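Engineer: Dropping a structure here in structure tokens format, bear with me for questions.
The values are calculated or read from the model by the stated rules, or taken from the named source; none is laboratory data. Keep in mind that what you see is a predicted model, and the values were worked out from it rather than measured. Backbone-built Cβ (ideal geometry, glycine too); neighbour counts: all protein chains shown. Just so you know, the surface numbers come from the protein's heavy atoms only, side chains and all, with ligands and any DNA or RNA stripped out. Shrake-Rupley method; radii C 1.70, N 1.55, O 1.52, S 1.80 Å.
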Amino acid sequence: MRLTNSYAQLPEHFYANVQTAPVPEPRLLAWNEALASQLGLGGLGEDRERLAAIFSGNQPLPGGRSIALAYAGHQFGNFVPQLGDGRAALLAEAISPVDGRRYDIQLKGSGLTPFSRNGDGKSPLGPAIREYLVSEAMHRLGIPTTRSLAAVATGEPVFRENVEPGGVLTRVASSHIRVGTFEYFATRRDVEALQTLLDYTIQRHYPKAASAEQPACAFFSEVVAAQARLVAHWMAIGFIHGVMNTDNCAISGETIDYGPCAFLDTFHIDKVFSSIDHQGRYAYGQQAHMAQWNLARLAECLMLIEGERETYEARLNAFQATFENHYFGLMGRKLGLEQPDPEQDKGLITGWLQHLQNEQLDYTLSFRQLAQRLSANDPARFGDFESQWLRRVDTQPGGRKQAASQMAVHNPLFIPRNHQVERAIRAAYNDDLSVFNQLQQVLSDPYREHPGLARYAEPPGEHEQVLETFCGT
Ligand code: AMP
Ligand code: MG
């Protein structure tokens, strides 16, 4: 087990030392064994009581050192100069024996920190279960994301609108450095700290930028590209992050902070689930635009170190091309195109989306049903789009057969649908983990059928629809 604490070696005002709060009765609800071994944590053993004690914060992680990170952030466009980890503790960084990379191990919901403001530092169990399911599903769907190592029920009530059981989630991330981390020092005009943060972040995430003529600008370009690719993935899978504040925008390009996020059921470009997103700022179709808004805030920080506004503007403008390239590539592959061409196939792809929206069709299942049209003889099911698409498929060397096998591996059958995630949470609140476990099972291999569990692929019935999602913190 190789644990390090490199962030804690940074200057003192980058973080605060914290002590996690003891909880009465920690119970391990989920333990991600595959991830643990990927992180080289096998040495922790398999004693579930010990694991529950460590990953609730009751016992220290051997070799760890608990800190809460300082950061600021624009929340729904409004700048807050000090946010920071108000209910999280970074325990350590593990160096993975598999890929040699450094990963943060962080508890979420482990008690008060100097950044807690009016909060209690705790988390209800519901959001912990939600993040566990959704983040691991995203990983299996091939989307850059933080991961979940453990979910623990604390045995302690947490007071929100209702009294809820408490929970602690263990999050694993390439790092927890956000756009908001840069903003924290920029707003204080602490250029020395900004430079230190930049050097550390370049070293950790984009080491090639270190040798560029203008390292800060080169670094910025890398972050722009990573965000463009990330949002392209979200759009292609039908994911709405829901709270793309700059403090929830990771420099690594991983999806972070599964609060009010949701997957589309029926397709609509303006879809919003989050109860706090009154203006639709973070609607499904706004995400590429909002990522660029966040990156502009990062550029403003970096300008204090190096480069002119125009240099950053030009680099930010590269977002759109990277995004479209990636997005139309992903979408083309979902439509069975062997070599999707963003220019040539753009019309076909947007035509498909228009059809889904007009007919209010389920986003995820429609791709699977479309694939079945490759071997069907009955009248078209997807209107004029269908014949246009079949003509395009028929021009390909691999023909319909190749398209069908490609579609099967690019279009999941299972996604973490909101109504199922909520069912899993409700059952867990009644000490029943069966829904949670079954959902984990189908989501761990989302592209194939799971006999007996087909209901998890279904869209919500009329009375099951989840209309709103909550931060739930
Ligand atoms: P989030 O909405 O999860 O991105 O959190 C935004 C900010 O609110 C972060 O600084 C969190 O640490 C803080 N926060 C959220 N929930 C709590 C809580 N229960 N106690 C203390 N701070 C919290
Ligand atoms: Mg956050």
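Engineer: Whether any residue in the stretch 60-74 is farther than 25 Å from Thr201 by Cα and either within 13 Å of ligand 1 (Cβ to nearest atom) or modelled with pLDDT of 95 or more (or both) is what I want to check. Steps first, answer last, please.
Structural biologist: Within the stretch 60-74, the first condition is being farther than 25 Å from Thr201 by Cα, and the residues that meet it are 60, 62.
Then drop every residue that is not either within 13 Å of ligand 1 (Cβ to nearest atom) or modelled with pLDDT of 95 or more (or both), which leaves 60, 62.
Yes, there is a match, as at least one residue in the stretch 60-74 is farther than 25 Å from Thr201 by Cα and either within 13 Å of ligand 1 (Cβ to nearest atom) or modelled with pLDDT of 95 or more (or both).
Engineer: Looking at Ala403, Ala428, Ala457, Ala424, which is the one that is outside the structural domain of Leu29 (by TED's automatic domain parsing), under 16 Å from Asp265 (Cα atoms) and of a type in the set (Gly, Ala, Ser)? Working first, answer last.
Structural biologist: Values: Ala403 fails: under 16 Å from Asp265 (Cα atoms); Ala428 fails: under 16 Å from Asp265 (Cα atoms); Ala424 fails: under 16 Å from Asp265 (Cα atoms).
Ala457 is the lone residue from the list that is outside the structural domain of Leu29 (by TED's automatic domain parsing), under 16 Å from Asp265 (Cα atoms) and of a type in the set (Gly, Ala, Ser).
Engineer: Restrict the check to the stretch 226-249 and report whether at least one residue is of a type in the set (S, T, N, Q) and more than 15 Å from ligand 2 (Cβ to nearest atom).
Structural biologist: Restricting attention to the stretch 226-249, the residues satisfying the condition of being of a type in the set (S, T, N, Q) are 227, 245-246, 248.
The next check asks that each one be more than 15 Å from ligand 2 (Cβ to nearest atom); those that pass are 227.
There is at least one residue in the stretch 226-249 that is of a type in the set (S, T, N, Q) and more than 15 Å from ligand 2 (Cβ to nearest atom).
Engineer: Going residue by residue through the stretch 263-272, is there one that turns out to be within 25 Å of Phe367 (Cα to Cα), more than 16 Å from ligand 2 (Cβ to nearest atom) and not in a loop (DSSP other than H, G, I, E, B)? Break it down stepwise before answering.
Structural biologist: Initial filter on the stretch 263-272 (within 25 Å of Phe367 (Cα to Cα)): 263-272.
Subsequent filtering for residues that are more than 16 Å from ligand 2 (Cβ to nearest atom) retains 263-272.
When the remaining residues are screened for being not in a loop (DSSP other than H, G, I, E, B), the result is 263, 266.
Yes, the stretch 263-272 contains at least one residue that is within 25 Å of Phe367 (Cα to Cα), more than 16 Å from ligand 2 (Cβ to nearest atom) and not in a loop (DSSP other than H, G, I, E, B).
Engineer: Which ones in the stretch 54-105 are open to solvent by less than 20 Å² (accessible area, probe 1.4 Å), in a strand (DSSP E or B) and among the charged types (D, E, K, R)?
Structural biologist: Correct list: Glu93, Asp104.
Engineer: Here is a further query. Any residue at all in the stretch 450-472 that's among the polar types (S, T, N, Q) and open to solvent by 50 Å² or more (accessible area, probe 1.4 Å)?
Structural biologist: Quick first cut of the stretch 450-472, residues among the polar types (S, T, N, Q) only: 465, 469.
Okay, now just the ones that are also open to solvent by 50 Å² or more (accessible area, probe 1.4 Å), so 465.
Among the residues of the stretch 450-472, at least one is among the polar types (S, T, N, Q) and open to solvent by 50 Å² or more (accessible area, probe 1.4 Å), which makes the answer yes.
Engineer: Could you tell me which of the residues Gln396, Gln372 is over 28 Å from the mean Cα position of the chain (by Cα), open to solvent by less than 20 Å² (accessible area, probe 1.4 Å) and modelled with pLDDT of 95 or more?
Structural biologist: On the way: Gln372 fails: open to solvent by less than 20 Å² (accessible area, probe 1.4 Å).
Matching residue, one of Gln396, Gln372: Gln396.
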